[in-house]
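Worksheet: one structure, shown below.
Please treat every number below as a calculation from the coordinates, not as lab data. Nothing here was measured: the structure is a model prediction, and the numbers come from that model. A quick note on method: Cβ atoms are made from the backbone with ideal geometry, for glycine too, and the neighbour counts reach across all protein chains shown.
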Amino acid sequence: MKNTDKARLAPHKTLTDYYDSDKDRREVVDNMFDSSAKHYDWINRMMSFGSGRWYRKQALQRAGVIENMNVLDVGAGTGVVSHLAQGIVGEQGLVVALDPSKGMLGEAKKLGVTHTTQALGEYLPFQDEIFDIVTMGYALRHVEDLHLLFSEFKRVLKPGGRILLLEITRPESAIATKILKVYMKGIVPTVTRVFRRSADAQKLMQYYWDTIEACVPPATIMDAMTDVGLTETKRHVAQGIFSEYRGIKVGTAS
Ligand SMILES: C[S@@+](CC[C@H](N)C(=O)[O-])C[C@H]1O[C@@H](n2cnc3c(N)ncnc32)[C@H](O)[C@@H]1O
């Protein structure tokens, strides 16, 4: 495991409605995902407005995932991205689904994801230069340090390897942000509570919005990627809120 000499860059400020200090954040977040794991796919389908399986598959293909590749899916959750990647790389390829939440990984196994690892994206338990692509779907907001995360991604990538990050980004206009907030912090958690009868899942969805609202802007995310030496960083935006970040580790793929 290697570290980074870059200054710590948290994806958002401390959200004191949920934890008193940053040192409590990890346990609180893991518990939220663990206790809501069995509801996550239902919620995702209900609120998806385009961020479902179809969008994730297109994003994997746009990022250049093809047969026989080795893919690391960080923040894999219930395994949607991993499962889709498994379908693309085929039996000669490898997909590892990594997540700190045992509950979420349990759901990924039920979906048919073969290789799972319980760990944090900032501390990857893998050797250097073994993956062709590292993916991360909607998990960036939950790490402690973007520099540490991206330097770990770079370390485990083969030369020429790529990164694909999917995120929901706060809209640029204040009105669009208000409308989205009503939907994501009001309607989605309430519908979740009513239909799933889970106060934990309701709280997770409120937290989900609060992390989106508090997240550092896209330019800061792109800068953090370049700070650790990733190149050709790009952001592709769909429907004003779906961000797809890409970057490449310099070198020639073998
Ligand atoms: C919103 S879910 C995303 C699941 C899936 N990737 C998707 O596309 O739907 C976010 C996941 O990030 C995981 N997570 C939280 N902190 C993490 C960290 N530091 N490193 C990696 N994953 C993390 C959570 O446990 C959760 O399963």
(message) How many angstrom lie between the Cα centre of the range 24-46 and the Cα centre of the range 205-247?
(response) 21 Å
(request) Sequence neighbours fewer than 8 away in the same chain don't count; with that in mind, list the lysines whose C-alpha is under 22 Å from residue 13. (result) 23, 178, 181, 185, 203
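So for 115, 39, fewest C-beta neighbours within 10 Å to most, what's the order?
Fewest-to-most Cβ neighbours within 10 Å comes out as 115, 39.
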(request) Collect residues whose amide H, placed 1.01 Å from N in the peptide plane, falls under 5 Å from the amide H of residue 164; neighbours closer than 5 in sequence don't count. (result) 134, 135, 136
(request) Sequence neighbours fewer than 8 away in the same chain don't count; with that in mind, list the lysines whose C-alpha is under 24 Å from residue 109. (result) 38, 57
(request) Name the most mobile residue of 203, 110, 158, meaning the one with the largest mean-square fluctuation, in a Gaussian network model of the chain with Cα contacts below 10 Å. (result) 110
(request) Put one equal scatterer on each alpha carbon of the chain, apply the Debye formula with no solvent term, and list log10 I(q)/I(0) at q = 0.14, 0.15 1/Å to two decimals. (result) -0.93, -1.09
(message) Spelling out what I want: for every residue of the range 145-152, take phi, set θ = phi - 60°, compute 6.51 cos²θ - 1.76 cosθ + 1.60 (Karplus), and round to whole Hz; glycine and proline get x.
(response) 7, 5, 5, 5, 4, 6, 6, 5
(request) List 131, 150, 242 from most exposed to least, where exposure is judged by having the fewest other Cβ atoms within 10 Å. (result) 242, 131, 150
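Fewest Cβ neighbours within 10 Å first, please rank 243, 48 accordingly.
Working: 243 18, 48 13.
Taking fewest neighbouring Cβ atoms as first place, the list is 48, 243.
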(message) Run the simple label-point estimate for residue 237 and residue 20 please: 7 Å along Cα→C-beta, distance reported in nm.
(response) 3.9 nm
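Give me the percent of Cα-Cα pairs in the range 78-223 that sit more than 25 Å apart, rounded to a whole number.
Numbers: 3970 of 10585 pairs.
That tail contains 38 percent of the Cα-Cα pairs.
Once every DSSP H run of n ≥ 4 in the chain is given -39500 (n - 2.57) and the sum is divided by its residues, what mean residue ellipticity at 222 nm do you get, rounded to the nearest 500 deg cm²/dmol?
Details: 9 runs with 110 residues, N = 254.
Result for the chain, helices only: -13500 deg cm²/dmol.
Step by step: find N for the range 112-191, compute 2.2 N^0.38 Å, then divide the Cα radius of gyration by it. What's the final number?
Values: Rg = 16.6 Å, N = 80, 2.2 N^0.38 = 11.6 Å.
That works out to 1.43 for the range 112-191.
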(message) Below 8 Å, C-alpha to C-alpha, sequence gap of six or more: please give me the relative contact order for the chain in percent.
(response) 22 percent
(request) Name the residue, out of 80, 28, 228, whose mean-square fluctuation peaks in a Gaussian network model built on the chain with Cα pairs under 10 Å. (result) 28
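Two decimals, Cα atoms only, Kirkwood Rh: what is Rg/Rh over the range 79-118?
Working: Rg = 9.4 Å, Rh = 9.9 Å.
Ratio of gyration radius to Kirkwood radius for the range 79-118: 0.95.
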(request) Restrict the search to the range 1-110; then list the GluC sites (Glu not before Pro) that DSSP places in a loop and that have at most 13 other Cβ atoms within 10 Å of their Cβ. (result) 67, 91
(request) Hey, can you grab everything whose amide H is under 5 Å from the amide H of residue 95? Only 5+ residues off in sequence or another chain; H modelled, so Pro and N-termini drop out. (result) 71
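Once Rh for the range 152-215 is found with the Kirkwood sum over Cα pairs, what is the Stokes-Einstein diffusion coefficient at 4 °C and 1.567 mPa s, in µm²/s?
On the way: Rh = 13.8 Å.
Answer from the Stokes-Einstein relation: 94 µm²/s.
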(request) In whole angstrom, note down how far apart the Cα centers of the range 84-155 and the range 157-175 are. (result) 16 Å
